[in-house]
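J.: I'd like to ask you about the structure that follows.
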Amino acid sequence: MAEEKDREGTEVIVAEFHKKIKEAFEVVDHETNNTVDVREIGTIIRSLGCCPTEGELHDFIAEVKEEEPTGYIRYEKFLPVMTRVLLERKYKPIDEDVLLRAFEVLGPARRGLLTKDELVKFMTEEEELISPGTRVKGSCKHLIWVLVPSMSIISS
């Protein structure tokens, strides 16, 4: 009886993970063909609350890429690997201090606060972000690159 409840609980957790993974994948599946550019994998993983190192990200990509590299990752290959990562809590989440620093860099008053409109702008519009020691061009990359300490975008 206890084993059955544990199994049911795990199935619910896996179903929730699958839903979140699918939603994150679909955001960057611009062709709606269940594939994403391999360069978007880090963005998807980070959007799911994981913060892999560059080495871990390369290992993840190696595990999900096609035998004959196409530059794209299929959802069918991504789903089981990402599910395992989430279940095992393989990558640590982003540090709260780093997240706060990202918002400080992005916020116009440098106080760590963004309005909803400012956040939407950073996540959707193409423009350059220039702050002390930082220059990034892209759309949602504004926030993602600032969040990733291994990219050395946040200046001290």
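The values are calculated or read from the model by the stated rules, or taken from the named source; none is laboratory data. Keep in mind that what you see is a predicted model, and the values were worked out from it rather than measured. Don't worry about glycine lacking a Cβ; one is built from the backbone with ideal geometry, like all the others, and counts go over all protein chains shown. Note: accessible area is taken over every heavy atom of the protein model, side chains too, but ligands, DNA and RNA are not part of it. Shrake-Rupley method; radii C 1.70, N 1.55, O 1.52, S 1.80 Å.
J.: For every other residue with a beta carbon closer than 14 angstrom to the beta carbon of residue 68, add +1 if it is Lys or Arg and -1 if Asp or Glu, then tell me the sum.
T.: Neighbour charge sum, excluding residue 68 itself: +1.
J.: Starting from the Cα gyration tensor of region 13-69, take the square roots of the eigenvalues, sort them a ≥ b ≥ c, and report rounded, prolate or oblate (rounded when a/c is under 1.5, otherwise prolate if a/b is larger than b/c, else oblate).
T.: Oblate is the answer for region 13-69, as a/c is 1.5 or above yet b/c matches or exceeds a/b.
J.: Here's a follow-up. Would you kindly derive the ³J(HN,Hα) couplings of region 34-48 from the backbone phi angles with the Karplus curve 6.51 cos²θ - 1.76 cosθ + 1.60 (θ = phi - 60°), listing them in order in whole Hz, with x for Gly and Pro?
T.: 6, 9, 9, 4, 4, 5, 8, 4, x, 4, 5, 4, 5, 5, 8
J.: Further question: Once both labels are modelled 7 Å past Cα along the beta-carbon direction, what's the residue 96-residue 11 spacing in nm?
T.: Distance between label points: 3.6 nm.
J.: Hey, another quick one. Under the Karplus relation 6.51 cos²θ - 1.76 cosθ + 1.60, θ = phi - 60°, what is the ordered set of whole-Hz ³J(HN,Hα) values for region 96-111, x standing for Gly and Pro?
T.: Calculated HN-Hα couplings, in order: 4, 5, 5, 4, 4, 4, 4, 5, 5, 5, 7, x, x, 9, 6, 9 Hz.
J.: Then there's this: Measuring from label point to label point, each 7 Å out along Cα→Cβ, what is the residue 27 to residue 59 span in nm?
T.: 2.5 nm
J.: Moving on to the next point. Give the ranking of 103, 25 by solvent-accessible surface, highest area first, calculated with a 1.4 Å probe.
T.: Working: 103 50, 25 0 Å².
Ranked list, largest accessible area first: 103, 25.
J.: Still on this structure: Within region 16-78, list the GluC sites (Glu not before Pro) lying in a DSSP loop whose Cβ has at most 13 other Cβ atoms in a 10 Å radius.
T.: In loop regions of region 16-78 (DSSP not H, G, I, E or B), the sparsely surrounded GluC sites (Glu not before Pro) are 31, 66, 67.
J.: Another question about this same structure. Which residues' amide hydrogens lie under 5 Å from the amide hydrogen of residue 72, considering only partners 5 or more residues apart or on another chain, with H built in the peptide plane?
T.: The answer is 38.
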